[in-house]
Each structure stands twice: as structure tokens, then as C-alpha cells.
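A quick write-up on the structure given underneath.
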Amino acid sequence: MNPLRLIESRPGAFSLLLDAGTTQVDGLVEELGHEPNGYFWEGVARFLVSTEAGALEGRFSYDPEGSMFCAYGADRDALQELGGLLSAVAADGDRMRSLVGAAEAAGFEFDD
């Protein structure tokens, strides 16, 4: 799941974290007109869940900041699956370009 990490913040409570500015696609994200901050990555996560992983809907919550993306909840498996989806996008420029293009075509707005 690099560059994401999944931690157990307390027994039965998990957080999926991504430090903003640490992915292979940060420069591309900026070229596409976005700021690769935690809020942008929340948008990526929400778009992925809505378009590719509907079974994850409602299984965790989001709490991003400018410097970090965070999703949290008790469902470790759901967060692990989300981490895999985000990790794939964070490491693949073509995948990121395609995702942003599809989001824009669908009228989705990133809150970055």
C-alpha cells in the first residue's frame, strides 16, 4: 500500500493515512490543475468508491487535512481495500490522468 499506511489507533479502530506530497503523481496532479493535498485525495477516494468499489460505501469515514489524507473506522478490511485502490492511483500517472478526466467528465469536483 505504499505510500499509504494502515494503523490501529486504538483497539478496533483503524486509520488509513497518506502524507500529502509523497506520491509519484504529485507533479502530474498539479499539472492537471489540482493541489495534491489531503482534501484532493479524499476526492480521489470518494470517486473511486462511487465508481469502482460501491461495496465500500459507508464502511468508513473521512477526516483529511491539508497535509494528510485520513480515512478511519472499525472495518479494517474496507480500509485495506481502499488503501489498495489509492495506492494503485498514487503510483501510476496514466491511472491518475484517467481518473481525473473521468471525474471531470462526470461533473465531480475535487475539494482541493
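What follows is calculated from the coordinates using simple rules that are stated; it is not laboratory data. Because the structure is predicted, anything quoted here is derived from the model rather than measured.
General observations
- Among Gly33, Gly66, Gly21, residue whose mean-square fluctuation peaks in a GNM of the chain (springs only between Cα atoms under 10 Å): Gly33
- Full extension of the chain segment joining Ala13 with Ser61 gains 16.1 nm, where the gain is 0.36 nm per residue of separation less the Cα-Cα distance.
- Degrees, to the nearest 10: 38-52 long Cα axis against longest axis of the chain: 90 degrees
- Stretched out straight at 0.36 nm per residue, the stretch from Glu35 to Arg97 would grow longer than its current Cα-Cα span by 20.9 nm.
- Scattering profile of the range 5-104 at q = 0.23 Å⁻¹ [log10 I(q)/I(0), Debye over alpha-carbon scatterers]: -1.25
- Among Ala102, Ala91, Ala71, residue whose mean-square fluctuation peaks in a GNM of the chain (springs only between Cα atoms under 10 Å): Ala102
- Karplus-based coupling profile of the range 26-33, in residue order and whole Hz: 4, x, 5, 4, 5, 4, 7, x, with θ = phi - 60° in 6.51 cos²θ - 1.76 cosθ + 1.60 and x standing for Gly or Pro.
- Interchain or long-range residues, amide H under 5 Å from Leu4's placed H: none
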